[in-house]
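J.: This structure is in structure tokens; I'll ask about it shortly.
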Amino acid sequence: MVDAKLVEDLAVDLLRLAAIELPSDVKGALEKARGQESSDIAKANLDAILENIRLAESMKRPVCQDTGLIVFFLNVGHDFGSVKGVPEAIAKGTKRATEEIPLRPNAVHPITRKNSGDNTGAYVPILNWSYVEGDYLEITAFPKGGGSENMTFFSMVKPGEGIAGIKKFVIDSVISSGGQPCPPTIIGVGVGGTADLAMKLAKKCLLRPIGQRHSDPEIAKLEEELLKAINSTGIGPMGLGGNITSLDVHVDYAHCHTASLPVAVNTQCWAARRATARIYKDGSVEILSHRR
Amino acid sequence: MEYRLRIPIPESDVRKLKIGDIVYVTGTMVTARDQAHRRALALHKEGKPIPIDLRGGVVFHCGPVVKKKDGGWEIVAAGPTTSTRMELFQAEFIEAFRPSIIVGKGGMGPRTAEAMKKFGAVYCDFTGGAAVLAAKAVESVRGVEWFELGIPEAMWILEVKDFGPLLVTIDSHGNSHHANVAKIVEENRPKIYSMLGITSK
């Protein structure tokens with residue numbers, strides 16, 4: 001059985017890594033975006049972003065004050081063994097991380113708006129479980145900012161509208177978001193399945209590194225087309241005008257009912273935080289997302 | 001143009017600011033998000049005072065990351081939050097409390113812009129997410145009000161030095177940089193639709 005203290009400590013470490021240090025693909029994409037801007041306002045905003053990333057790393061502070069609602073993705077290897085105690089350990093790690101890093105306590109009751117004070121509450125931290133081949137438990141910390149999560153859209157497109165209907169819904173969603181989700185963003189698009197699966201796919205897409213295309217060439221082409229279109233809107237960094245509105249578009253799909261065409265859009269801000277590690281059956285830990 | 005202003009900022013100085021100007025502010029500034037705006041307006045309606053006089057003041061749409069330090073507070077990270085949520089309250093808030101500068105990200109709507117024109121205030125963008133950069137300008141925390149609203153929603157009273165660069169994006173003369181960008185995006189929309197093979201209305 002997995003050592004609960006090991007999981008708790010790893011949850012703290014992953015939340016710290018995620019909050020303070022952006023993955024290298026995100027940093028690289030933001031640097032590249034800086035080179036593609038021509039207006040003074042767009043350049044100044046990307047300069048501030050890049051300077052802030054450097055400061056956060058050197059001062060060991062969260063890169064953004066919105067340290068997110070705490071979300072984890074867990075891939076359980078079939079040969080890993082029992083995961084008994086893991087949810088409790090992750091909740092304990094979340095409370096500790098809130099105090100130790102510190103994180104901003106963001107979890108509030110949806111009606112009374114009372115803040116729990118420690119980033120936990122009903123269904124929070126949010127745990128997304130999958131099962132994979134292997135002898136490890138892979139944990140990804142994915143703290144999700146409120147400003148970008150608010151820019152979430154769903155539509156039951158008419159199957160008769162076809163791929164043009166999907167594209168229109170995505171582009172209209174991005175245009176209506178404007179500067180609100182802190183562009184340059186990453187756009188996750190889930191197509192097909194049921195409503196809940198489409199939304200889940202849209203969110204899960206955001207875990208994929210920037211620049212990595214979908215394995216299906218048709219979907220990969222759609223991603224590239226949408227990215228080019230989004231970066232022709234003129235929204236730009238922070239919605240203040242410019243060439244780079246999104247760093248990437250990731251699409252995933254599921255088969256759906258012949259009567260339906262669900263399309264979900266989930267937005268990620270430039271501070272695209274994620275940190276991943278594996279715990280192997282023998283108790284060893286490997287950090288995958290950040291070089292240590 | 002670039003301006004260095006001291007809080008409280010007189011209306012005559014605010015009226016000089018135009019969209020595209022850069023501003024740095026020094027003095028006492030407060031944070032306020034959805035809940036603080038709501039509470040301030042509720043108190044005003046009952047004829048009760050709010051904890052600090054905001055006339056000529058700077059209101060920052062922000063919920064900081066804070067740490068307890070030496071019996072007080074330290075601001076760890078303090079970037080702006082999305083201002084459009086405050087569109088519900090901002091026009092009434094400006095009329096009631098007469099602040100000079102609202103700082104946030106993402107811009108605000110026509111009701112706020114109208115109130116700014118009428119009462120002499122501007123809206124400025126600070127780069128969203130640039131939280132450590134923003135926190136560097138905070139010299140000390142003078143206090144916190146309405147703490148029971150939770151750390152993000154409480155009103156933090158901050159002493160700031162050269163807080164900026166703040167980009168004026170809505171001025172007191174009816175100009176909005178955000179509206180100008182939105183116009184360009186609208187002009188681009190048909191071109192994008194045709195790029196993507198979208199033929200529908």
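The values are calculated or read from the model by the stated rules, or taken from the named source; none is laboratory data. From a predicted model like this one, the values you see are computed outputs, not experimental measurements. With ideal geometry, Cβ positions are generated from the backbone for all residues, glycine too; neighbour counts draw on all protein chains shown. Just so you know, the surface numbers come from the protein's heavy atoms only, side chains and all, with ligands and any DNA or RNA stripped out. Shrake-Rupley method; radii C 1.70, N 1.55, O 1.52, S 1.80 Å.
Table: residues versus (1) open to solvent by less than 60 Å² (accessible area, probe 1.4 Å); (2) farther than 22 Å from B:Phe147 by Cα; (3) in a loop (DSSP other than H, G, I, E, B); (4) among the hydrophobic types (A, V, I, L, M, F, W, C).
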{"residue": "A:Ile49", "(1), (2), (3), (4)": "yes, yes, no, yes"}
{"residue": "A:Leu55", "(1), (2), (3), (4)": "yes, yes, no, yes"}
{"residue": "A:Ser58", "(1), (2), (3), (4)": "no, yes, no, no"}
{"residue": "A:Gln65", "(1), (2), (3), (4)": "yes, no, yes, no"}
{"residue": "A:Asn75", "(1), (2), (3), (4)": "yes, yes, no, no"}
{"residue": "A:Phe80", "(1), (2), (3), (4)": "yes, yes, yes, yes"}
{"residue": "A:Glu88", "(1), (2), (3), (4)": "no, yes, no, no"}
{"residue": "A:Asn106", "(1), (2), (3), (4)": "yes, no, yes, no"}
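J.: Name the one entry in A:Ala198, A:Ala202 that is away from every other protein chain (no Cβ under 14 Å), buried (at least 18 other Cβ atoms within 10 Å of the Cβ) and either among the acidic types (Asp, Glu) or under 12 Å from the mean Cα position of the chain (by Cα) (or both).
T.: On the way: A:Ala198 fails: either among the acidic types (Asp, Glu) or under 12 Å from the mean Cα position of the chain (by Cα) (or both).
Within the list A:Ala198, A:Ala202, the selection yields A:Ala202.
J.: In addition: Strands (runs of 3 or more DSSP E) wholly in region A:242-292 with at least 3 residues that are touching a strand residue (DSSP E or B) at 6+ places or on another chain (Cβ under 8 Å) and open to solvent by 10 Å² or more (accessible area, probe 1.4 Å) - which ones? Explain how you work it out, then say what you get.
T.: Numbers: elements: A:246-254, A:261-268, A:275-280, A:285-287.
The strands (runs of 3 or more DSSP E) meeting that bar are A:246-254, A:275-280, A:285-287.
J.: Scan region B:70-111 for residues that are open to solvent by 20 Å² or more (accessible area, probe 1.4 Å), assigned to a helix (DSSP H, G or I) and either modelled with pLDDT under 95 or within 22 Å of B:Ala42 (Cα to Cα) (or both) and jot them down.
T.: Hits for region B:70-111 are B:Thr84, B:Arg85, B:Glu87, B:Leu88, B:Glu92, B:Glu95, B:Ala96, B:Phe97, B:Arg111.
J.: Of all residues in region A:163-188 being over 19 Å from B:Met195 (Cα atoms) and among the β-branched types (Val, Ile, Thr), which is farthest from the other protein chains (Cβ to nearest Cβ)?
T.: Going through region A:163-188, the residues over 19 Å from B:Met195 (Cα atoms) turn out to be A:177-186, A:188.
When the remaining residues are screened for being among the β-branched types (Val, Ile, Thr), the result is A:185-186.
On the way: A:Thr185: 11, A:Ile186: 13 Å.
Step by step, filter region A:163-188, then rank; the result is A:Ile186.
J.: Could you pull out every one of the strands (runs of 3 or more DSSP E) wholly within region B:112-201 that has 1 or more residues that are more than 10 Å from chain A (Cβ to nearest Cβ) and under 22 Å from A:Cys269 (Cα atoms)?
T.: Values: elements: B:122-125, B:138-145, B:155-170.
It comes to B:122-125, B:155-170.
J.: A:Ala44: part of a helix (DSSP H, G or I), at the interface with chain B (Cβ under 10 Å from one of its Cβ atoms) and within 16 Å of the chain's Cα centre (by Cα), yes or no?
T.: no
J.: Kindly indicate whether any position in region A:12-27 is open to solvent by less than 20 Å² (accessible area, probe 1.4 Å) and part of a loop (DSSP other than H, G, I, E, B).
T.: So far as region A:12-27 goes, yes, one or more of its residues are open to solvent by less than 20 Å² (accessible area, probe 1.4 Å) and part of a loop (DSSP other than H, G, I, E, B).
J.: Another question about this same structure. From the list A:His250, A:His255, which residue is touching a helix residue (DSSP H, G or I) at 6+ places or on another chain (Cβ under 7 Å), more than 12 Å from chain B (Cβ to nearest Cβ) and under 26 Å from A:Leu197 (Cβ atoms)?
T.: Details: A:His255 fails: touching a helix residue (DSSP H, G or I) at 6+ places or on another chain (Cβ under 7 Å).
Sole residue among the options that is touching a helix residue (DSSP H, G or I) at 6+ places or on another chain (Cβ under 7 Å), more than 12 Å from chain B (Cβ to nearest Cβ) and under 26 Å from A:Leu197 (Cβ atoms): A:His250.
J.: Going through region A:90-123 one residue at a time, which ones are among the aliphatic types (A, V, I, L, M) and more than 22 Å from the chain's Cα centre (by Cα)? Write out each step before concluding.
T.: So the first thing to find is which residues in region A:90-123 are among the aliphatic types (A, V, I, L, M), and the list is A:90-91, A:97, A:101, A:103, A:107-108, A:111, A:122.
Selection gives A:Ile111 alone.
J.: Considering each residue of region A:195-218, count those that are within 25 Å of A:Trp129 (Cα to Cα) and part of a helix (DSSP H, G or I), and give that number.
T.: So the answer is 11.
J.: In region A:164-178, what residues are touching a residue at least 24 places away in the same chain (Cβ under 8 Å) and not hydroxyl-bearing (Ser, Thr, Tyr)?
T.: A:Gly165, A:Ile166, A:Lys167, A:Phe169, A:Val170, A:Ile171, A:Val174, A:Ile175, A:Gly178
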